[in-house]
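The structure appears below as structure tokens.
The values are calculated or read from the model by the stated rules, or taken from the named source; none is laboratory data. All values reported here derive from a predicted model rather than from experimental measurement. Here the Cβ is made from the backbone with ideal geometry for all residues, glycine too, and neighbour counts use every protein chain on show. We work out accessible area using only protein heavy atoms, side chains counted, and drop any ligands, DNA or RNA first. Shrake-Rupley method; radii C 1.70, N 1.55, O 1.52, S 1.80 Å.
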Amino acid sequence: QVQLVESGGGLVQPGGPLRLSCAASGSIFSIYAMGWYRQPPGKQRELVAAITSGGGGSTNYADSVKGRFTISRDNAKNTVYLQMNSLKPEDTAVYYCNGHRSFSAVIHGVFGSWGQGTQVTVSS
């Protein structure tokens, strides 16, 4: 099982960039498909982006972030990133990462536990 710690959140102005990091430990990171999720205030958690295991040859994005967000992974550093550009106020949320050996499980976001996440606030 992999342990995950999210970081990189903060306050950013609309239109600005932010990069989130998710550091993993405790298992062989490269065998896990990974996903970034977010939970806006008063709403349910949703998938933002997902990347397959290994070299991360396939990705999947929520329609609301396509063309603005990019997920990537560095297996040598046991880290998955979420580069967020052209941020909008509606991107404000707590962002979480999680992983599973099944890409389908990552897409559906069915996990037994979640980390603390990192807060992203987009506001002028």
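Summary table below
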quantity	calculated
Hey, Ser64 in contact with an Asp or Glu (Cβ under 9 Å, 6 or more places away or on another chain), of a type in the set (Gly, Ala, Ser), at pLDDT 95 or above and not in a strand (DSSP E or B) or not	yes
Residues of the range 15-68 that turn out to be open to solvent by 60 Å² or more (accessible area, probe 1.4 Å), under 12 Å from Leu82 (Cα atoms) and of a type in the set (A, V, I, L, M, F, W, C), as a count	0
Qualifying residue in the range 86-96 (condition: assigned to a strand (DSSP E or B) and surrounded by fewer than 14 Cβ atoms within 10 Å (Cβ to Cβ))	no
The lone exception for Ser72 - which of (1) part of a loop (DSSP other than H, G, I, E, B); (2) of a type in the set (S, T, N, Q); (3) under 11 Å from the mean Cα position of the chain (by Cα) it fails	(1)
